[in-house]
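The values are calculated or read from the model by the stated rules, or taken from the named source; none is laboratory data. Computed from a prediction, not measured in an experiment: that's the story for all the values here. Methodologically, a virtual Cβ is constructed for each residue, glycine included, from the backbone with ideal geometry; neighbour enumeration extends over all protein chains shown. These accessible areas exclude ligands, DNA and RNA; they are computed on the full protein's heavy atoms, side chains included. Shrake-Rupley method; radii C 1.70, N 1.55, O 1.52, S 1.80 Å.
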Amino acid sequence: MMKVASSTSAAQSAVSGVKSVSVNRGEQVSIEKSNISSMESGGKINNQLLKDLVDLVDCVQNQSQKFPKIAEMMSIQDKQIKF
């Protein structure tokens, strides 16, 4: 895990790591013949979780695009501070 820093290169590196994450959408489960309700419920849950996981990864990747700009703004502020 990357440390928090106002380094634009560190932010860019962290974002590139997030961009490389991918989730296989997998196959939807279909329970054709089952009288076991938990099997049917498990199939439904699996199908929903796959979609939710893909959506979560997409959201995190989209949000991560903001970090290089934030780091750039912090870097500018850091340079303006005089001790």
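Find which of Pro68, Ile36, Val54 sits farthest along the positive direction of the dipole of the range 36-80, computed with +1 on the beta-carbon of Lys and Arg, -1 on that of Asp and Glu, about the Cα centre.
Working it through, the farthest residue towards the positive pole turns out to be Pro68.
What's the Cα-based Rg to Rh of the range 6-48, Rh via Kirkwood?
Using Cα coordinates only, the ratio equals 1.43.
Starting from a Cα-only point model with no solvent, please compute log10 I(q)/I(0) by Debye for the chain at q = 0.11, 0.12, 0.21, 0.25 1/Å.
Values returned for q = 0.11, 0.12, 0.21, 0.25 Å⁻¹ are -0.50, -0.55, -0.93, -1.11.
Considering only protein heavy atoms and a 1.4 Å probe, what is the carbon-and-sulfur percentage of the accessible area of the range 29-83?
Ligands and nucleic acids excluded, carbon and sulfur reach 60 percent.
Output wanted: per-residue J couplings in Hz (rounded whole) for the range 42-55, from phi through Karplus 6.51 cos²θ - 1.76 cosθ + 1.60, θ = phi - 60°, x for Gly and Pro.
x, x, 5, 5, 4, 5, 6, 5, 4, 5, 5, 5, 4, 4
Residues of the range 28-83: accessible area per residue at 1.4 Å, in Å²?
85
Give me the dipole magnitude in Debye, nearest 20, for the chain about the Cα centre, with unit charges on the beta carbon: positive for Lys and Arg, negative for Asp and Glu.
420
Quick one: which residues, 5 or more positions from Val29 or on another chain, have an amide H under 5 Å from its amide H? H modelled 1.01 Å from N in the peptide plane, none for Pro or chain starts.
Excluding prolines and chain starts, which carry no amide H, the hits are Asn47.
Relative contact order for the chain using alpha-carbon pairs under 8 Å, separation at least 6, rounded to a whole percent?
Reported relative contact order: 50 percent.
In the chain, how many lysine pairs have Cα atoms under 25 Å apart, counting only pairs 8 or more places apart or on different chains?
14
So how tilted is helix 8-19 from the main axis of the chain? Cα-based, degrees 0 to 90, rounded to 10.
Roughly 10 degrees between the two axes.
Angle, helix 67-80 long axis vs. longest principal axis of the chain, Cα atoms, 0 to 90°, nearest 10?
20
Each residue of the range 58-63 in order: what ³J(HN,Hα) in whole Hz does its phi give by Karplus 6.51 cos²θ - 1.76 cosθ + 1.60, θ = phi - 60°, with x for Gly and Pro?
Here the 3J(HN,Hα) series is 4, 5, 4, 5, 5, 5 Hz.
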